[in-house]
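Beneath this line is the structure, given in structure tokens, with notes to follow.
The values are calculated or read from the model by the stated rules, or taken from the named source; none is laboratory data. Note that the coordinates shown come from a computational prediction; the quantities given were computed from them, not determined experimentally. Heads up, the Cβs are rebuilt from the backbone with ideal geometry, glycines too, and the neighbour counts pull from every protein chain shown. Areas reflect the complete protein model, heavy atoms only, side chains present, ligands, DNA and RNA absent. Shrake-Rupley method; radii C 1.70, N 1.55, O 1.52, S 1.80 Å.
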Amino acid sequence: MGPLESIHSEWVQPVLQPDSGVHIKMQKYAAVLDLIKQRKPQHGLPGAVYVDPDVYRQDLEQIWHREWIFAGHTFELEKPGQYLTLQIGDYPIAVVRGKDGNIRAFHNACRHRGSKVCTEDKGKVAKLVCPYHKWTFELDGKLLFAGNMGPDFNNADHDLLPAHCEVVHSYIYVCVAKVAPDFEKFRSAVSPFIGPHYLEDCKVAFEANLVEKGNWKLVFENNRECYHCDGTHPELLQSYTELASVQGISGEGEEDPELAEYWSTCEAGGLASRLVMDPAGQFRMTRIPLDHGASSYTMDGKPAVSRRLDRSGVENIGALLYFNYPSTWNHFLGDHALSFRVLPRGPGETVVTTKWLVPKDAQEGVDYDLERLTKVWMATNDQDRRLVEGAQVGVTSPAYQPGPYSPLVENGVCQFIDWYCELMARRITEAGEASKAL
């Protein structure tokens, strides 16, 4: 019996008045759980899971509002007063570097009447000043000034509300839950992989924000397999190899002498390489070789940047791949790295932000050509966007029936859906039990 079949639903029909708000909430929990339980093993999700507003609401409440979400990089906030903003479901968030050098996250809503304090995607300020009534906050969130509030008003009662914030090798993660999940198990797992790439000494060479008219789960499903790559991603396949990716992600590389030797060579240079997977399936790191003798994601496979990120001394380190559900996947090469951030904007709309990271002293036009650096993934992202948008239209059809995943090349996407279903089923059940107890 699988984890979904073991879910009990005795709380689905509580003895409550028909117009009870709790009863309505319980019905919605039951309906979403029923959709998830309809999924067959090794198959895709029912179409309604990608379009139903109640499912999207539960995606936010059970995942996006409770997990660590990738926000950006510390080197984007190099000086005090620099900030970046993002929208995590219902929550507008501002991430700010303080005068003490620390990076903090705040709910981006003034404590007066809720106006956004930081109104741009990124910027630099001396103080955090609400544009509505000029309430002024220090960079650490403390309220400094609120005019015309009378003698009984206490500034200390109205500081900006903090959100949880953690940093690991330049990656800023934010959590809007009252109690954040443990971050240390992820930190300890990912650090040996990304630490040797010295991202703290990097900068953003280019940033692209792509709005995809598809559910966030379709975006991640598309990323988790390369079954579609042949014939769809000619630029990427100049360097990326599906076979090595499948073997590296599944842990089957030890059975391939060449892949095992590649891992051993990288590890001898101080680069963690062999697959590490979270027991719950939420994050994973592995390193794979590139194809055709390539060392970077370029049309000719040669480095796009004349500087190296790592100091391993290994001539060709291939690509380090890491994901952390629900918000990010990443690629690290010898000459540059790419970070990807996924943020949902509705049941059928997702924003994918891609950042090309290079050594901070690398000069455009001298050490790298921007078009050459970005060409492969600009093309790949747009190709993926079209695939996701086509899938969104298809799963919306009343005639849609989920098909089986390939056991040869779609283990990654199946793993993602398994993680999603198991987590959602458990948390919706817990939420139902909590509502029943009210």
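Side notes on the structure shown:
- Residue check, G318 buried (at least 21 other Cβ atoms within 10 Å of the Cβ) and among the small types (G, A, S): yes
- Matching residues, segment 85-105, being of a type outside the set (D, E, K, R) and open to solvent by 10 Å² or more (accessible area, probe 1.4 Å): T85, L86, Q87, G89, Y91, P92, G101, N102, I103
- Residue within segment 366-374 that is in a helix (DSSP H, G or I), out of contact with any strand residue (DSSP E or B) (no Cβ under 8 Å at 6 or more places or on another chain) and open to solvent by less than 20 Å² (accessible area, probe 1.4 Å) present: no
- Of the residues examined, P344 is not one that is under 30 Å from W64 (Cα atoms), in contact (Cβ under 8 Å) with a residue 40 or more places away in the chain and assigned to a loop (DSSP other than H, G, I, E, B).
- Criterion: closer than 26 Å to K40 by Cβ and at pLDDT 95 or above - qualifying residue of G403, G346, G334: G403
- If you go through segment 357-388 and keep only what is closer than 27 Å to I63 by Cα and not aliphatic (A, V, I, L, M), you end up with N381, D382, D384, R385, R386.
- Top-ranked residue in segment 120-149 [being open to solvent by 90 Å² or more (accessible area, probe 1.4 Å) and basic (K, R); ranked as nearest to F106 (Cα to Cα)]: K142
- Condition met for R66 (of a type in the set (K, R), in contact (Cβ under 8 Å) with a residue 60 or more places away in the chain, over 30 Å from S406 (Cβ atoms) and open to solvent by 10 Å² or more (accessible area, probe 1.4 Å)): yes
- Considering segment 211-224, and only residues there that are touching a Gly at 6+ places or on another chain (Cβ under 7 Å) and surrounded by fewer than 22 Cβ atoms within 10 Å (Cβ to Cβ), the residue that is farthest from E389 (Cα to Cα) turns out to be R224.
- The lone exception for V352 - which of (1) outside any strand (DSSP E or B); (2) among the hydrophobic types (A, V, I, L, M, F, W, C); (3) under 30 Å from R308 (Cβ atoms) it fails: (1)
For (1) more than 19 Å from E225 (Cβ to Cβ); (2) assigned to a loop (DSSP other than H, G, I, E, B); (3) of a type outside the set (K, R), each residue gets a yes or a no:
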site	(1), (2), (3)
C266	yes, no, yes
G270	yes, yes, yes
S273	yes, yes, yes
Y297	no, yes, yes
G301	yes, yes, yes
R308	yes, yes, no
E315	yes, yes, yes
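- The sole residue among L309, L271, L338 that is in contact (Cβ under 8 Å) with a residue 12 or more places away in the chain, more than 19 Å from the chain's Cα centre (by Cα) and closer than 25 Å to R372 by Cα is L309.
- Test result for K360, within 20 Å of C226 (Cβ to Cβ), surrounded by fewer than 21 Cβ atoms within 10 Å (Cβ to Cβ) and not small (G, A, S): no
- Contact annotation: residue pairs with Cβ atoms under 8 Å, 6 or more positions apart or on different chains, pairing a residue in segment 104-127 that is in a loop (DSSP other than H, G, I, E, B) with a partner that is among the basic types (K, R), are N108/K116; A109/K116; C110/K116.
- Count of residues meeting criterion [buried (at least 20 other Cβ atoms within 10 Å of the Cβ) and over 19 Å from G21 (Cβ atoms)] in segment 422-438: 3
- Contact map, segment 162-190: residues that are on the phi < 0 side of the Ramachandran plot paired with residues that are basic (K, R), Cβ distance under 8 Å, separation 6+ or inter-chain. Pairs shown: P162/R104; C165/R104; E166/R187; V168/R187; C175/R66; A177/R66; P181/R66.
- The residue that is farthest from W263 (Cα to Cα), counting only those in segment 190-233 that are part of a loop (DSSP other than H, G, I, E, B) and polar (S, T, N, Q), is N215.
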